[in-house]
Amino acid sequence: METQNDNWQCSRQYRWTEFAKLTEALHAAGCGRVYAEKQSGIYTDRPQLAKAIGALGEGDTLVVCKLDRLARSVRDLLSTLDAIGKAGASFRSLSDQWADTTTPHGRLMLTVLGGLAEFERHLILTRTVQKDLTITFPAPCRP
């Protein structure tokens, strides 16, 4: 008979096994140091990611197993990639082959993605300005 505690133990063991597989994949890809974040990627305050980016130097490469482990939105992804680039480093995702700034094709794909994000920001700005220019006047009061 399974209890709730047994299910929790199985879930915990599964997460540990998945973590071990991800760590093994990163080491197999040549990563010398692995930073692990226990919280979800939806949070913007991620101390281990900040530590990893802070440790990057010229010519280093930040490698993730899956792109969704790095960012949950295009804006967050581009911001993170910008910080990586400013450190003189590159970026590579093991499962998302197109997300690789070490190759010309990967840089092209991320440039296109950045262009689309910039276009979206301009559309939002334009709509915001147009909304501010649309002034409605109340109907005149009649006695």
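The values are calculated or read from the model by the stated rules, or taken from the named source; none is laboratory data. These numbers come from a predicted model, not from an experiment. All Cβ positions, even for glycine, are placed from backbone atoms using ideal geometry, and neighbour counts span all protein chains on display.
What to note about this one:
- Test: residue in segment 126-138 that is modelled with pLDDT of 80 or more, among the β-branched types (V, I, T) and surrounded by 15 or more Cβ atoms within 10 Å (Cβ to Cβ): no
- Of D45, D82, all but one fail to be of a type in the set (D, E) and outside any loop (DSSP other than H, G, I, E, B); the exception is D82.
- Restricting segment 22-58 to residues that are within 13 Å of R69 (Cβ to Cβ) and among the basic types (K, R) leaves a set whose member that is modelled with the lowest pLDDT is K38.
- First in segment 85-103 and on the phi > 0 side of the Ramachandran plot, second anywhere and part of a loop (DSSP other than H, G, I, E, B) and among the charged types (D, E, K, R), Cβ under 9 Å, 6 or more apart: G88/E58; G88/D60
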